[in-house]
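Structure record follows, encoded as structure tokens.
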Amino acid sequence: MQNVTLNNGVEMPLLGFGVYQIPPEQTEQAVSEALAVGYRLLDTAAAYNNEEAVGRAIKNSGIPREELFVTTKLWVQDAPAQENTGRAFERSLDRLGLDQLDLYLMHQPYGDVYGQWRAMEDLHREGRVKAIGVANFHPDRLVDLVVNNDITPAVNQIETHPFFQRAADQALMREHGVQIQSWGGFAEGRNDLFTNPLLAGIGKEYGKSVAQVVLRWLVQRGVVAIPKSVRPERMAENIDVFGFELTDEQMASIATLDTGATLFFDHRDPEMVNWLGKRRLDA
Ligand code: NAP
């Protein structure tokens, strides 16, 4: 597995396994299977309600802790953000059965973002988490966070797939030393991604599936990918993208699929801010 080096020197796998929308009762098995086929980066969140199952799979795998890269995410906290963030972090760590996390992400750019971020900085300084970052930050919010705080986010995890490619956002993040990570790399199959003729045609040239072409395209751009699947054969397919390389022409042809717009929702949409920003998790 290839790694990327984050802005604080921490190494992160370029490809990992996401567990959003895997029901808690299915998650332990899915993560166990993912670890068995070679995934070492696991991406969960307090909001996914499956951290405990991820933790059980980690424990039962017998894989040395230092070989794993575990990410979880902080949900929007009530005030006082400083105290509540620390508590939310400890709860996540307890559920995962870990004493240190590799990457902690602020899940949404809402609420007392600065209070939450400063609490995350403290967790990092105390050595509880190796790297801290954000998710769903648009460029203006990201730069504002960078210029007004001590620690620059190591990662920004954002919707990134062939129909919403984020090339300009990636360039800006690179300028600030922030690693881009894709969520929804397959757009969850929307827009008939898995039967897209252009992607299928490229795949045919290498004997690869559309999923493999998409993941290869992401990692070749230096975007960390975390595909989700509950099927072992797809898990194996999705991690097998390091044995071929897309040409410049193929990369350029995939670039034409970009619509420049979300297929899910815009984090700047007031209705979404109202809905997501007010949602709280059961403790
Ligand atoms: P995704 O990875 O784009 O797509 C997952 C879908 O693709 C599932 O329906 C899966 O079905 C299918 N699939 C997987 N491999 C396939 C293959 N080789 N061929 C055909 N179909 C395949 O969607 P996602 O789970 O939303 O995104 C990935 C990860 O990003 C999440 O799990 C989560 O960790 C993270 N995420 C973060 C945020 C955020 O706000 N930070 C938001 C969304 C997601 P099966 O399971 O049936 O195989």
So, restricting to helices (runs of 4 or more DSSP H) that lie completely within the stretch 49-129, which ones have at least 1 residues that are hydroxyl-bearing (Ser, Thr, Tyr), free of Cβ contacts under 8 Å to residues at least 60 places away in the same chain and surrounded by 22 or more Cβ atoms within 10 Å (Cβ to Cβ)?
81-96
Take the stretch 3-30 and flag every residue that is aliphatic (A, V, I, L, M) and either modelled with pLDDT under 95 or over 23 Å from Ala154 (Cβ atoms) (or both).
Ile22, Ala30
If Phe264 satisfies all but one of (1) in a helix (DSSP H, G or I); (2) closer than 23 Å to Gln170 by Cα, what's the number of the condition it fails?
(1)
Pairs, please: C-beta under 6 Å, at least 6 apart or cross-chain, first residue under 16 Å from Gln220 (Cα atoms) and in the stretch 177-196, second part of a helix (DSSP H, G or I) and open to solvent by 10 Å² or more (accessible area, probe 1.4 Å)?
Ile180/Gln170
With criteria (1) open to solvent by less than 10 Å² (accessible area, probe 1.4 Å); (2) outside any helix (DSSP H, G or I); (3) within 11 Å of the ligand (Cβ to nearest atom); (4) not aliphatic (A, V, I, L, M), Gln21 comes up short on (1)
Looking at the stretch 221-245, which of the residues that are surrounded by fewer than 16 Cβ atoms within 10 Å (Cβ to Cβ) and more than 15 Å from the ligand (Cβ to nearest atom) is nearest to the chain's Cα centre (by Cα)?
Gly222
Criterion first (free of Cβ contacts under 8 Å to residues at least 40 places away in the same chain, open to solvent by less than 20 Å² (accessible area, probe 1.4 Å) and aliphatic (A, V, I, L, M)) does Met272 satisfy it?
no
Residues of the stretch 246-269 that turn out to be surrounded by 14 or more Cβ atoms within 10 Å (Cβ to Cβ), away from the ligand (no atom under 15 Å from the Cβ) and of a type in the set (A, V, I, L, M, F, W, C), as a count:
3
Test Asp169 against the criterion of being farther than 17 Å from Leu103 by Cβ, part of a helix (DSSP H, G or I) and either free of Cβ contacts under 8 Å to residues at least 12 places away in the same chain or of a type in the set (A, V, I, L, M) (or both), and give yes or no.
no
Can you name every residue in the stretch 130-156 that is open to solvent by 20 Å² or more (accessible area, probe 1.4 Å), part of a loop (DSSP other than H, G, I, E, B) and within 21 Å of Phe265 (Cβ to Cβ)?
His138
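Residue-by-condition table, conditions (1) in a loop (DSSP other than H, G, I, E, B); (2) within 10 Å of the ligand (Cβ to nearest atom); (3) at pLDDT below 95; (4) closer than 18 Å to Met1 by Cβ:
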| site | (1), (2), (3), (4) |
| --- | --- |
| Ile158 | no, yes, no, no |
| Glu175 | no, no, no, no |
| Arg190 | no, yes, no, no |
| Leu198 | no, no, no, no |
| Trp217 | no, no, no, yes |
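Could you list all residues from the stretch 24-39 that are open to solvent by less than 10 Å² (accessible area, probe 1.4 Å) and either without any contact (Cβ under 8 Å) to a residue 12 or more places away in the chain or outside any helix (DSSP H, G or I) (or both)?
Tyr39
The values are calculated or read from the model by the stated rules, or taken from the named source; none is laboratory data. What you see is a predicted model, and the numbers here were worked out from it, not measured in a lab. Every residue, glycine among them, receives a Cβ derived from its backbone with ideal geometry; neighbour counts consider all protein chains shown. When the accessible area is computed, the model is the full protein with side chains, heavy atoms only, and any ligands, DNA or RNA have been set aside. Shrake-Rupley method; radii C 1.70, N 1.55, O 1.52, S 1.80 Å.
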